[in-house]
1. For the pair Ser105 and Val190, what calculated FRET efficiency results from E = 1/(1 + (r/R0)^6), where r is the Cβ-Cβ distance and R0 = 30 Å, to the nearest 0.05?
2. Quick one: if you stick a label point 7 Å off each Cα along the C-beta vector at Met1 and Leu18, how many nm between them?
3. How high is the FRET efficiency between Arg168 and Val231 when r is their beta carbon distance and R₀ equals 22 Å, given to the nearest 0.05?
4. Rounded to two decimals, what ratio of Rg to Rh does the stretch 78-120 give with C-alpha atoms and a Kirkwood Rh?
5. Could you list log10 I(q)/I(0) for the stretch 128-234 at q = 0.12, 0.17, 0.19 Å⁻¹, which the Debye formula gives when each Cα is one point scatterer?
6. For Leu183 and Leu223 in the same chain, what is the full-extension length gain: residue separation times 0.36 nm, less their Cα-Cα distance, in nm?
7. State the extension gain, in nm to one decimal, for the chain segment bounded by Ala176 and Ala96, taking 0.36 nm per residue of separation less the distance between their alpha-carbons.
8. Computed FRET efficiency, Cβ-Cβ of Ala208 and Thr70, R0 45 Å: what is it to the nearest 0.05?
Amino acid sequence: MIRTLLVRGLLYGLLAGLVAGAFAFAAGEPRIDDAIALEEAAGAAEPAHQHEHDSAGGGHEHGAEVSRGTQKAGLFLATGLYGLAIGGVFALVYAALRGRVGPRSDGGLAIAAAGTAFAAVIVVPFLKYPANPPAVGDPETITSRTVLYLAMVGVGLLAAAIAVTTARRVPGGPWARWPAAVLAFLAPVVVASALLPGVDEVPDGFPATLLWEFRLVSLGTQLVFWAAFGVLFGWACDRAQRPARAAVPA
């Protein structure tokens, strides 16, 4: 059964990754092009040696080894590989959760697990450390920013685990369990958001509209992926479950 779920996760993860890639290409690439144009314009105003230094670390067409055309083509490869990795991990977690927590139907559990993963792994770190377009962020702080982001991902996963445990142990019906689970999820997220340092490296004069359009597209790409993956994986699980139910004698 685990092998079947793993293959299912890989297949639908790949499909969802390509769907998310199409959304990112249509909605996100124009914003990246605008951000790169701003970065190039800012670099042109700097001393020549400083401009060369920034170009070496920027990864864009001005002195970069990878052209924007290649980057755009590689977007689908990146989202496809992302979908494969997430789909495989999700299938293993789903196999561990199946029959133990969540909705009884396989499809319902898949959608609930995908929604929880989106909230814990994507939304929680996004609220504290949203994505930034090119020309935003100091290259010298990339390690510290990555560590902080991963810390928020860990907080989100911990919060999800606490929420699931709370929902299982709180007595009463859904009207008692769901509010308790939501509060249990929010408590560590709020505490961590207050304790962890903020990151604000947006340069002066960077268009706020472009910044938030990029961030919303980044979040939207993840939403498209998790929605597509949850629906596809859940549909496949429900479809596989029907013959088993029909085989059970009345």
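1. In this case the efficiency is close to 0.40.
2. Computed distance between label sites Met1 and Leu18 equals 3.0 nm.
3. About 0.30, to the nearest 0.05.
4. Ratio of gyration radius to Kirkwood radius: 1.01.
5. -0.60, -1.00, -1.11
6. 12.1 nm is the gain from fully extending Leu183 to Leu223.
7. 26.2 nm
8. Working: r = 30 Å, r/R0 = 0.67.
Step by step, r from the Cβ atoms, then E = 0.90.
Bear in mind these aren't lab numbers, they're just calculated from the coordinates by the rules spelled out. Keep in mind that what you see is a predicted model, and the values were worked out from it rather than measured. Reconstructed Cβ throughout: ideal geometry from the backbone, glycine too, with neighbour counts over all protein chains shown.
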